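Trainee: This is the structure I want to talk about, given as structure tokens.
The values are calculated or read from the model by the stated rules, or taken from the named source; none is laboratory data. It should be emphasised that the depicted structure is a prediction, and the values quoted were computed from it without experimental measurement. Cβ placement follows ideal geometry from the backbone for every residue including glycine, while neighbour counts extend to all protein chains displayed.
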Amino acid sequence: MEQTAPFIGSRPAAEPRHWGEWMIEKLIQVAGLSTILIIALIFFFLLREGLPAFFKVPLHTLLGSRWYPIENLFGLLPLLVGSLLVTVGAVVIAVPLGLVTAIYMGEIAPRWQREILKPLIEMLAGIPSIVLGFLGWVVLAPLIQQAGAPTGLTAFTGSIILAYMSLPTIISISEDALYAVPKEYRDGALAIGATQWQTIWRVVVPAARSGIVIAIMLGIGRAIGETMAVLMVTGNAANIPALGFGMFFQPVRTMTATIAAEMGEVANGSVHYNTLFAIGILLFVITFGINSLAGRLVGTQGKRRRSSQL
Amino acid sequence: MLFVRYPFKFSLCVLLLLMASGGIWISACQSGATVAQTAPAENQRAIQNKGSDTLVNLALAWAEAYRNVNPTVAIAVTGGGTGTGIAALINGTADIANASRKMTDDEIAQAKQNGITPVEFTVAIDALAVIVNPANPVSKLTIAQLADIFTGRITNWQAVGGNDAPIVLLSRETNSGTHVYFLENVVRQNQKDNKDIFVPQTLLMPSSVGITSEVRRNPNAIGYDGLGYVDPEHEKMIAIAVDKKSPYIAPSVASGADGSYPIARGLYMYTAGEPKGVIASYLDWIQGPQGQKIVADLGFVPLPKR
């Protein structure tokens with residue numbers, strides 16, 4: 001390296017090096033652009049396979065409350081309700097738990113505890129979803145059944161499993177956000193006589209809000225897209241439970257589980273096939289909505305903070 | 001004829017050997033040569049095996065496994081439905097017809113007009129056991145009661161003589177053949193104009209094992225599964241009657257085999273006249289231990305041991 005550097009420097013038109021640099025630059029560019037291309041292709045494929053469903057299946061069938069493909073009943077409502085119930089349940093469990101863990105780890109816990117907790121939580125993220133699903137099937141479902149539900153395979157069972165799956169995401173990202181809050185904020189709050197609790201709740205957490213929102217949204221994204229664990233523990237009954245608290249303790253069928261369970265045996269190009277892809281479009285739209293909502297929330301939050309700082 | 005073809009094939013082999021750089025060509029040539037060498041003239045044509053879609057996977061598995069038993073016999077398996085297979089047998093275009101029902105008298109008469117006497121071979125049994133938790137006091141049901149349970153007209157075990165507890169319904173996924181069989185023969189009670197379907201609260205399990213393990217731990221659950229999947233120590237099999245006046249029959253290999261169990265059906269193969277040569281030995285192999293092991297592997301009820 002030391003030998004070649006002056007040699008290249010002595011020749012202004014260092015052709016080989018210039019060419020190599022250009023190559024690498026282009027390769028990086030191609031790698032970056034290919035991501036866009038792949039997303040575009042996925043979206044195109046999804047639309048090509050899924051859109052025909054909206055022409056082949058009458059709208060009142062798609063909006064119907066019955067999913068029974070072998071009788072051409074393609075009501076998406078029970079699947080949508082199923083996914084929503086499981087996800088809402090997961091968020092209700094995971095967000096407070098995750099947030100509190102992050103605050104404890106970032107603000108309260110002594111250093112040695114944090115050094116044990118952090119790798120343990122990262123390990124939780126490394127557990128394959130199918131293992132968690134198996135745990136839900138073998139351990140959790142019998143517990144819920146003993147608690148009085150007719151069956152342990154319910155939306156709630158799925159919610160608990162999904163909550164545990166989204167916890168590492170929520171914890172580590174919100175902890176990062178808390179960590180990014182300048183030390184001066186805490187010092188200032190403590191200096192004007194605030195207790196530690198007041199400092200955390202009134203100063204540090206609001207200051208880290210945008211990061212916490214991103215953490216929650218990413219957690220939701222993980223929950224709604226998860227398939228295998230949910231397929232194993234929610235019972236897969238395409239049923240719309242009656243409104244009320246009890247609806248979480250009913251078996252449901254999620255959109256992802258429906259695609260996973262039925263795609264393998266469906267005839268290529270059939271109405272059923274197209275409808276499964278239409279569910280994929282629906283999932284895509286929902287995730288896209290959540291992400292852009294998160295983006296907007298974070299955006300306005302950031303602006304407000306900047307203006308208040310000025 | 002063979003003498004003329006053989007050197008040609010041989011020289012082709014040499015030519016390809018010279019041309020080819022990889023081993024793929026070589027193996028292709030060798031297999032071509034063995035067929036020409038060993039296959040006797042009468043077996044040149046593949047055995048045509050056509051019919052029932054229920055049987056098609058089983059028939060394919062048999063045909064594949066039989067290649068290891070007698071590599072000189074080629075069997076071509078096609079589906080299309082029982083009716084298609086029987087029609088092909090009558091017209092002489094199929095050697096073996098697969099059927100998930102017995103041939104009707106009309107079909108037999110038609111075949112006889114064409115100078116063909118169909119000979120029936122039972123090759124496997126397709127029996128469905130309705131299972132509940134051993135703690136459940138209910139041990140017998142009629143088909144009509146089962147239909148009421150699975151369509152949601154009955155939702156409490158009390159209505160069929162059990163405890164005051166909700167019924168938890170378990171079924172296979174809709175893409176399972178077993179699901180469709182149960183739908184037609186139990187939920188719709190074999191009535192053609194009956195359009196009943198499973199109640200939406202039915203839990204759809206991705207596998208047979210999913211049904212048995214949920215039944216094991218849930219005293220309120222009821223499900224159905226191939227007899228091969230049921231472990232009588234952990235799941236109780238319901239005795240089933242066609243109607244209230246008929247006897248209640250428990251599912252077993254014996255009751256499945258003699259036809260007394262109402263939701264079991266024989267799966268048949270028909271040949272045109274008494275089979276001879278390779279067809280006879282093929283059917284004999286199917287009904288023997290090797291063929292029946294494949295039956296069990298694919299979730300059907302094997303024939304009672306001979």
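Trainee: Is it true that B:ALA88 is without any contact (Cβ under 8 Å) to a residue 60 or more places away in the chain and farther than 26 Å from B:VAL242 by Cβ?
Mentor: yes
Trainee: Output the number of residues of region A:51-105 satisfying the condition of being part of a helix (DSSP H, G or I), β-branched (Val, Ile, Thr) and over 21 Å from A:MET247 (Cα atoms).
Mentor: Residues in region A:51-105 being part of a helix (DSSP H, G or I), β-branched (Val, Ile, Thr) and over 21 Å from A:MET247 (Cα atoms): 5 in total.
Trainee: So which of A:ILE160, A:ILE93, A:ILE130 ends up being touching a residue at least 60 places away in the same chain (Cβ under 8 Å), under 25 Å from B:ARG217 (Cβ atoms) and within 14 Å of chain B (Cβ to nearest Cβ)?
Mentor: Every option except A:ILE130 fails the conditions.
Trainee: Something else about it: Name the one entry in A:ALA207, A:ALA141 that is among the aliphatic types (A, V, I, L, M) and closer than 30 Å to B:ASN136 by Cβ. Explain how you work it out, then say what you get.
Mentor: Working: A:ALA207 fails: closer than 30 Å to B:ASN136 by Cβ.
Within the list A:ALA207, A:ALA141, the selection yields A:ALA141.
Trainee: Name, by its number, the condition in (1) modelled with pLDDT of 90 or more; (2) not in a helix (DSSP H, G or I) that does not hold for A:GLY158.
Mentor: With respect to (1) modelled with pLDDT of 90 or more; (2) not in a helix (DSSP H, G or I), A:GLY158 is out only on (2).
Listed here are the residues, each with its yes/no results for (1) of a type in the set (D, E, K, R); (2) modelled with pLDDT of 90 or more.
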position	(1), (2)
A:GLU175	yes, yes
A:LEU178	no, yes
A:PRO182	no, yes
A:ARG186	yes, yes
A:THR195	no, yes
A:GLN198	no, yes
A:ALA207	no, yes
A:SER210	no, no
A:LEU218	no, no
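Trainee: Does region B:222-258 hold any residues that are assigned to a loop (DSSP other than H, G, I, E, B), of a type in the set (Asp, Glu) and surrounded by 20 or more Cβ atoms within 10 Å (Cβ to Cβ), and which are they? Spell out how you get there, then give the answer.
Mentor: First, the residues of region B:222-258 that are assigned to a loop (DSSP other than H, G, I, E, B): B:230-235, B:238, B:242-248, B:250-252.
So of that shortlist, the ones also of a type in the set (Asp, Glu) come out as B:231, B:233, B:235, B:243.
Within region B:222-258, just B:GLU235 meets the criteria.
Trainee: Search region A:243-266 for residues being within 11 Å of another protein chain (Cβ to nearest Cβ) and hydrophobic (A, V, I, L, M, F, W, C), and hand back the single one that is farthest from the chain's Cα centre (by Cα).
Mentor: Looking at the filtered set, the residue picked out is A:VAL266.
Trainee: Same structure again: Of everything in region A:173-192, what is under 14 Å from A:VAL203 (Cβ atoms), of a type outside the set (Gly, Ala, Ser) and in a helix (DSSP H, G or I)? Give them in sequence order.
Mentor: Result: A:LEU178, A:LYS183, A:GLU184, A:TYR185, A:ARG186, A:ASP187, A:LEU190.
Trainee: Sticking with this structure for a sec: If you scan region A:221-242, which residues turn out to be part of a helix (DSSP H, G or I), touching a Ser or Thr at 6+ places or on another chain (Cβ under 7 Å) and within 13 Å of chain B (Cβ to nearest Cβ)?
Mentor: Across region A:221-242, the qualifying residues are A:MET228, A:ALA229, A:VAL230, A:VAL233.
Trainee: Which residues, counting only those in region B:198-221, are closer than 15 Å to A:ARG253 by Cβ, modelled with pLDDT of 90 or more, facing another protein chain (nearest Cβ under 7 Å) and surrounded by fewer than 23 Cβ atoms within 10 Å (Cβ to Cβ)?
Mentor: Correct list: B:PRO200, B:GLN201.
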